[in-house]
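The values are calculated or read from the model by the stated rules, or taken from the named source; none is laboratory data. Predicted model, so just to flag it, every value in this text is computed and none were measured. Glycine also receives a Cβ, built like all others from the backbone with ideal geometry; neighbour counts cover every protein chain displayed.
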């Protein structure tokens, strides 16, 4: 497509044929699932259908419109997740839950939201700092800092849990071992 002008009649079709697969891949790189990337692609082209004339640079406009919709998708996803977490307890206790697991969950719940979010994405979603940075629109260094500080707070909280349980039980309750298992970052 490059510098070739697109005819007014089929510019959307040509743009779709040339860019759709690449935009889905781009959406995946932004952290969308394949189906989410396809949904964002559809939204992007639905918006392009409403334009009377092609933009000055249709390919660049299309990529920018796709990126904006992908970022909006992420923001709305995180708002939905936040509402769900507020509605339900962050972690529901299980019948087979150990005291160490419950202590770790309490400590995780007490972290600032931004640190908790990064730790959950890193540990449970197994995302890299770069992926998390793209997802949250932050630098990888900022993400790594939030992760490191969050882990430090988790370790400190777990040690407090250990001290409280040790004093109240008169013996070792195993919480310190869980605190020591938290990586140094």
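For this structure, a couple of remarks:
- If you go through the stretch 44-62 and keep only what is in contact with a helix residue (DSSP H, G or I) (Cβ under 8 Å, 6 or more places away or on another chain), free of Cβ contacts under 8 Å to residues at least 40 places away in the same chain and part of a loop (DSSP other than H, G, I, E, B), you end up with just 55.
- Helices (runs of 4 or more DSSP H) fully within the stretch 75-185 counting 3 or more residues that are modelled with pLDDT of 80 or more, more than 28 Å from residue 37 (Cα to Cα) and more than 11 Å from the chain's Cα centre (by Cα): 99-110, 140-169
- When residues of the stretch 1-33 are limited to those that are within 21 Å of the chain's Cα centre (by Cα) and modelled with pLDDT of 85 or more, the one nearest to residue 122 (Cα to Cα): 24
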